[in-house]
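> The structure follows.
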Amino acid sequence: MSIDLARARADTPATARLLHFNNAGAGLMPTPVLETVITHLQLEAETGGYEAAALAEPRLNRVYDSVAALLDCDRDEVALVENATVAWQLAFHSLQLGKGDRIVTGEAEYASNYISFLQVARLRGVEVTVVPSDRDGALSVAALERILEPRVKLIAVTHVPTNGGLVNPAAAIGKLARAHEIPFLLDACQSAGQLPLDVDAIGCDMLSATGRKYLRGPRGTGFLYVRRTLLDRLEPPFIDLHGARWVAPDRYELRPDARRFENWESYIAGQLGLGVAVDYALGWGLHAIAARVVKLAEELRTRLGAIPGVTLHDLGTQRCGIVSFTIAGREPDQVQATLRQQHINVSVSGPSSTLLDALARKLPDLLRASVHYYNSETEIDRFVQAIAKIARQG
Ligand SMILES: Cc1ncc(COP(=O)(O)O)c(C=O)c1O
């Protein structure tokens, strides 16, 4: 099935006046998502927040089914949280790694995740091992296999790094993780919504994602998947009266499902919007979305690469919708501002977001153009012309 571009753009009214190549920052919400959020906020204002939540209860419940359908998991394995960072941190810290335990990760790991590794290394003597990349720039599965041993208590990998189009070989990593019975935490923040994610096919035990990026959900939403078999062994680092029940003066009982990772107070309008965003993506089909996103991004890479002065920085043989590049003699921030004046959105990714990769490749700030299925070939033409002009004139 291919994407009906006219319908996708009609559902995204801003595309009439805005060239949005910042979907890895935050995708444009389609109309049904926006209406869901606004309608619920209005209901809260008119009937009261608790009363509105009670009215929305059946729909809120179905959000778990939607996320479960996206990941091909059980609804009990899903927790709705504030963002990808919270999801990831909850999973990571619930493992309670200690002295002598080893974490294995990749060179393109996201800053917040790596900072947490450094924190447990400093506070608890956990060791961190970085798997070298293969010659194409992806995490080397062969090197990972050589590193695995009984002290490795976690494999934590970013699926699509923040600074480029690389897609790490999640399923091959998952296969090794399973063979060695090591928990595998996948940061799918940037792949959710642009690539199919089947947690069994990937073989991950935990997966974190955000709502606002390629899923096109509201900001302030995210989710965590935890495999049933691991769930019973995990004690969330923070628990409240929603994640657990206070059953006796000296005892609490954790919820049996992944919602033990949630808090009671939450962004109900956003969660409803997230559910609609997930259903909306499923309506197009993740394979159809991925095919169009990859095709558009490859076209953009080819065209940008042909402009004198432009250097592309994406790694890997499998690439996604993020195109990273620099223009000789031009500051990325300045380019971003110039494009913004022309109603063109891109983002800038700095070295500190993926420090290991940036140091290894001596990367400066990068321009990041991230396309989605609702972007058009005409927009690519316009974007390429705008970049060519900046490269020529500054
Ligand atoms: C790879 C990766 N992981 C995690 C995050 C954090 O996501 P959030 O801002 O939803 O917490 C980002 C955000 O850019 C990211 O690129």
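> For segment 59-109, name all the residues that are charged (D, E, K, R) and open to solvent by 50 Å² or more (accessible area, probe 1.4 Å).
Those that are charged (D, E, K, R) and open to solvent by 50 Å² or more (accessible area, probe 1.4 Å): Arg59, Arg62, Asp65, Asp72, Asp74, Arg75, Asp76, Glu82, Lys99, Glu107.
> Turning to a different aspect of this structure: Which of the residues that make up segment 66-88 are part of a loop (DSSP other than H, G, I, E, B), more than 13 Å from the ligand (Cβ to nearest atom) and in contact with a strand residue (DSSP E or B) (Cβ under 8 Å, 6 or more places away or on another chain)?
Cys73
> Only one residue in Gly165, Gly193 is open to solvent by less than 10 Å² (accessible area, probe 1.4 Å) and in contact with a Phe, Trp or Tyr (Cβ under 9 Å, 6 or more places away or on another chain). Which one?
Gly193
> Going residue by residue through segment 176-187, is there one that turns out to be in contact with a strand residue (DSSP E or B) (Cβ under 7 Å, 6 or more places away or on another chain), within 17 Å of Ala108 (Cα to Cα) and of a type in the set (Asp, Glu)?
yes
> Quick one: Pro161 ticks every box in (1) part of a loop (DSSP other than H, G, I, E, B); (2) away from the ligand (no atom under 16 Å from the Cβ) except a single one, so which number is it?
Answer for Pro161: the failing condition is (2).
> Report every pair of residues separated by at least 6 positions or lying on different chains whose Cβ atoms are under 6 Å apart, first residue within segment 14-39 and under 9 Å from Val276 (Cβ atoms), second β-branched (Val, Ile, Thr).
From segment 14-39, the pairs are Pro30/Thr12; Pro32/Val276; Val33/Val276; Thr36/Val276.
> Okay, next question. Of the residues Arg301, Arg260, which is in contact with a strand residue (DSSP E or B) (Cβ under 6 Å, 6 or more places away or on another chain) and either surrounded by fewer than 21 Cβ atoms within 10 Å (Cβ to Cβ) or among the acidic types (Asp, Glu) (or both)?
The unique qualifying residue is Arg301.
> Go over the candidates Lys389, Lys295 one by one and state the one that is under 27 Å from Ala192 (Cα atoms) and surrounded by fewer than 20 Cβ atoms within 10 Å (Cβ to Cβ).
Exactly one residue qualifies, and that residue is Lys295.
> Anything in segment 87-110 that is closer than 19 Å to Pro237 by Cβ, touching a Leu at 6+ places or on another chain (Cβ under 8 Å) and not small (Gly, Ala, Ser)? List them, or say none.
Trp88, Leu90, Phe92, Leu95, Leu97, Asp101, Ile103
> What are the residues in segment 232-290 that are among the hydroxyl-bearing types (Ser, Thr, Tyr) and not in a helix (DSSP H, G or I), if any?
The answer is Tyr252, Ser266, Tyr267.
> Residues in segment 112-158 that are among the β-branched types (Val, Ile, Thr), open to solvent by less than 60 Å² (accessible area, probe 1.4 Å) and within 12 Å of the ligand (Cβ to nearest atom): how many?
Going through segment 112-158 one residue at a time, the tally reaches 2.
The values are calculated or read from the model by the stated rules, or taken from the named source; none is laboratory data. Model, not experiment: these values are computed from the prediction. FYI the Cβ positions are ideal-geometry reconstructions off the backbone, even for glycines, and counts take in every protein chain you see. All accessible areas refer to the heavy atoms of the entire protein, side chains included, with ligands and DNA or RNA removed. Shrake-Rupley method; radii C 1.70, N 1.55, O 1.52, S 1.80 Å.
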